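Trainee: One structure, pasted below without further comment.
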Amino acid sequence: MLDDLLQRIWAQLAIPVGPVRNPFRLMQLATLDAHGWPDARTVVLRSVDAGAGALYFYVDKRSAKCAQVSAEPRVALTALSPCGVLQVRLQGLAKLVDDAEQLQRCWCAARDKTQALFRHGAVPGQVIDSSESARATTADGFEHFAMMRIEATALEWLDLAQPVQQRARFERRQGDWQAAWLAP
Ligand SMILES: Cc1cc2nc3c(=O)[nH]c(=O)nc-3n(C[C@H](O)[C@H](O)[C@H](O)COP(=O)(O)O)c2cc1C
């Protein structure tokens, strides 16, 4: 039963952008900043490689989170389904994708709206004169485009919709997931 549950979780995480809604599209990514403070922000889950236990996100390579994961790759992710009763939590190791072909492919496949996010001239988080000045753009955002790959080392599931709340933890050891039910 835990194996089925794990498969169902990855199947939901893998739902691509389209008519079927991925309940975990928006995730909160937590990193550690240079002073050891947790730093959390919302990111869009772009794709997964369920076999490798990996999740992919588009990020601006100038943003704080990129420097943070270079210094400390251990990160946490959490997401809540829109119905508010399913929670997924992950711990994993983050790194920026360095495969130039994969980056180019994803950039070309990205919608214009997504590409536009990378055309801001100012470095994300930089102090600017007014919010209006963030409109200044560069011609092509590809030079700022990066993909973050997070390889999950642990995954937790909480389902509050069940008559008895279900909490399960999966830990990845040598490529295999070890599963256990936990007290909610
Ligand atoms: C709904 C929503 C989705 C977002 N998706 C992303 C995303 O996919 N990638 C990203 O880098 N930032 C995304 N952001 C912005 C981040 O939350 C964050 O403000 C930004 O990346 C700067 O983070 P940092 O300075 O901690 O690196 C999103 C914000 C919101 C509200």
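Trainee: Answer yes or no as to whether LEU160 is aliphatic (A, V, I, L, M), surrounded by 15 or more Cβ atoms within 10 Å (Cβ to Cβ) and in contact (Cβ under 8 Å) with a residue 24 or more places away in the chain.
Mentor: Values: aliphatic (A, V, I, L, M): yes; surrounded by 15 or more Cβ atoms within 10 Å (Cβ to Cβ): no; in contact (Cβ under 8 Å) with a residue 24 or more places away in the chain: yes.
No.
Trainee: Tell me which of these ILE128 doesn't satisfy, since it passes every other one: (1) free of Cβ contacts under 8 Å to residues at least 60 places away in the same chain; (2) away from the ligand (no atom under 15 Å from the Cβ); (3) more than 15 Å from the chain's Cα centre (by Cα).
Mentor: (2)
Trainee: I'd like to check something: does the range 110-118 contain any residue that is closer than 28 Å to GLN12 by Cβ, assigned to a loop (DSSP other than H, G, I, E, B) and of a type in the set (Ser, Thr, Tyr)?
Mentor: No, the range 110-118 contains no residue that is closer than 28 Å to GLN12 by Cβ, assigned to a loop (DSSP other than H, G, I, E, B) and of a type in the set (Ser, Thr, Tyr).
Trainee: Looking at the range 27-45, I want the residues that are touching a residue at least 40 places away in the same chain (Cβ under 8 Å) and under 16 Å from LEU13 (Cα atoms) and have a partner that is away from the ligand (no atom under 11 Å from the Cβ) and of a type outside the set (A, V, I, L, M) with Cβ atoms under 7 Å, at least 6 apart or on another chain. Which pairs are those?
Mentor: MET27/THR78; GLN28/THR78
Trainee: Given the criteria within 30 Å of MET1 (Cβ to Cβ), in contact (Cβ under 8 Å) with a residue 24 or more places away in the chain and away from the ligand (no atom under 16 Å from the Cβ), does ALA168 qualify?
Mentor: Details: within 30 Å of MET1 (Cβ to Cβ): yes; in contact (Cβ under 8 Å) with a residue 24 or more places away in the chain: yes; away from the ligand (no atom under 16 Å from the Cβ): yes.
Yes, satisfied.
A short reminder: the numbers here are calculations on the coordinates, not readings from a lab. Source: prediction; values computed, not measured. When we count neighbours, we look across all protein chains shown, and the Cβ atoms used for this are built from the backbone with ideal geometry, even at glycine.
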